[in-house]
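Got a structure here, written out as C-alpha cells. Questions coming.
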Amino acid sequence: MKLGRGTSRRAFTLLELLVAVGIGALLVTLLLSVALAASNLWTRANGRIATAATARAVLDQLEADLQAAVFREDGNVWMSATVLTTTSNSGAWVSTNRGRAAADSLVLTEPAIADDRFGAAGTWLRFFTDAGGRNTANLRAVAYQIVRRAQSSASGAEVSYLLFRSVVSDANTFAAGYNLDPTTGGYRTANATVGNAGNVLRPPLDTVLADHVVDFGVRFFRSNATALRPLFPATPAGDWTNDELTHLVRLGGSGTSDSARPDAVEIMIRVLTDEGVRQLRNFENPPPGYTSTGTWWDIVVQHSHVYTRRVVLPQGAS
C-alpha cells in the first residue's frame with residue numbers, strides 16, 4: 001500500500017510537470033506572437049514616419065518653386081510636363097531586366113492622383129522659377145525627374161531610385177534663353193556639370209532631392225467660374241486620359257494661350273519604406289536562391305506610401 005501511494009505521488013508530480021511545461025510553452029508562444037506583432041507595428045510606423053519626412057521635404061520644395069513660377073506672353077514654353085514611358089530621357093538610368101512592367105505602369109485616369117501610375121520613370125517637370133523673389137535677373141530653369149542610378153560615385157555604390165531637383169544657374173539660364181520648347185529651346189543637350197543648361201535633361205548627382213522615390217507625377221488644373229477643370233493629362237472635354245503625355249505651357253504675345261497654363265498643380269510622390277527598398281533590390285537583382293511570387297508593382301504597392309499636395313500658382317503673366 002505504501003509503495004502504491006508513493007508511485008501515485010510520483011505520477012501526480014510528473015503530471016504537474018508536464019502541465020507546467022505545456023503552460024510555459026504556451027506563454028512563450030504568446031509572448032513571441034505579441035513581440036512579433038509589436039515589431040511589425042513598429043516597423044510600419046517607422047516606415048510611415050521616414051517616408052513622410054522625405055515627402056514633406058520634396059513637397060515643400062516643389063511648392064516653393066511652383067509658387068514662384070514665372071510666365072511670359074512671348075510665345076515661348078515656360079513650363080513643361082512629360083510622363084516618361086521609357087527610361088532613356090536622362091541618359092543616366094541604370095537598367096534592370098526585372099523592372100516595372102510597361103503594361104502596369106501607365107495609369108492616369110483614376111479619380112484620385114494617389115492611385116495613378118506615371119509611366120516607366122515618372123513625370124519630367126521643368127519650368128522657370130524666380131528664386132530671388134520677382135527679380136527677372138534671378139530667373140532659373142528648374143527640373144524634377146526620377147533617375148535609377150548609383151547613390152554615389154564610389155565603386156559598388158547601391159543603385160536607387162533618386163528624385164532630382166536640378167537647377168540651372170541664373171547666368172546660364174539667361175544664356176540658354178527662356179524657352180523650354182523640346183525642339184527649339186536651349187535645354188536640349190544633356191550636360192551633368194552643375195548649373196549647366198543641360199542639367200534640365202541630365203541632372204548631376206549633387207542635385208538629388210530625395211532617394212527611394214519610385215513614382216512622381218503631376219496633374220494640371222485650369223479654373224473656370226465655379227471649379228477647377230482637368231487640363232493635363234486630360235482630353236479637351238476635361239476627362240483624365242492615358243493619351244496626353246506632354247503639356248507645353250506657351251503663352252502667345254496677344255495674351256491668348258496656345259497651350260494653356262495651369263492655375264493649380266496637384267503633385268504625387270510614392271516613397272519606398274526601408275523594407276520596400278530591401279525587397280525591391282532583391283527582386284531587381286536576385287541573390288542566389290532568391291524566388292519571387294509577385295511583380296515589381298506588388299512589392300512597391302505593399303511597401304511604399306503615397307503623398308499628395310495641391311499648389312495654386314501665381315495668377316497672370318509675371
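The values are calculated or read from the model by the stated rules, or taken from the named source; none is laboratory data. Just so it is clear, the structure is predicted and the values come from calculations on it, not from any experiment. Because the Cβ atoms are built from the backbone with ideal geometry, glycine has one as well, and the counts that use them run over all protein chains shown.
Condition first: in contact with a strand residue (DSSP E or B) (Cβ under 6 Å, 6 or more places away or on another chain) and under 17 Å from ALA68 (Cα atoms). Can you find one or more residues in region 156-166 that meet it?
Yes, there is a match, as at least one residue in region 156-166 is in contact with a strand residue (DSSP E or B) (Cβ under 6 Å, 6 or more places away or on another chain) and under 17 Å from ALA68 (Cα atoms).
Further, regarding this structure: Six or more apart or on different chains, Cβ under 8 Å: which pairs go from a residue in region 107-120 that's under 15 Å from TRP296 (Cβ atoms) and touching a residue at least 24 places away in the same chain (Cβ under 8 Å) to one that's aliphatic (A, V, I, L, M) and in a loop (DSSP other than H, G, I, E, B)? Could you list them?
Every condition considered, the pairs that remain are ARG117/LEU108; PHE118/LEU84; PHE118/LEU108; GLY119/LEU84; GLY119/LEU245; ALA120/LEU84.
For every residue, the table says whether it meets (1) of a type in the set (D, E, K, R); (2) more than 20 Å from ALA103 (Cα to Cα).
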{"residue": "THR241", "(1), (2)": "no, no"}
{"residue": "PRO262", "(1), (2)": "no, yes"}
{"residue": "VAL277", "(1), (2)": "no, yes"}
{"residue": "LEU280", "(1), (2)": "no, no"}
{"residue": "PRO286", "(1), (2)": "no, yes"}
{"residue": "ASP298", "(1), (2)": "yes, no"}
{"residue": "GLN302", "(1), (2)": "no, no"}
{"residue": "THR308", "(1), (2)": "no, yes"}
{"residue": "VAL311", "(1), (2)": "no, yes"}
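For residues that are touching a residue at least 40 places away in the same chain (Cβ under 8 Å) and loosely packed, with under 14 Cβ neighbours inside 10 Å, scanning just region 270-315, find the one that is nearest to ARG72 (Cα to Cα).
GLN315
Filter region 99-135 down to the residues that are at pLDDT below 95, touching a Phe, Trp or Tyr at 6+ places or on another chain (Cβ under 9 Å) and loosely packed, with under 14 Cβ neighbours inside 10 Å and list them by number.
ALA101, the sole residue that qualifies.
Need pairs with beta-carbon distance below 6 Å; first residue farther than 19 Å from VAL213 by Cα and within region 56-71, second of a type in the set (Phe, Trp, Tyr) and crowded, with 16+ Cβ neighbours inside 10 Å; sequence gap 6+ or separate chains.
Pairs found: ALA69/PHE127; VAL70/PHE128; PHE71/TRP78.
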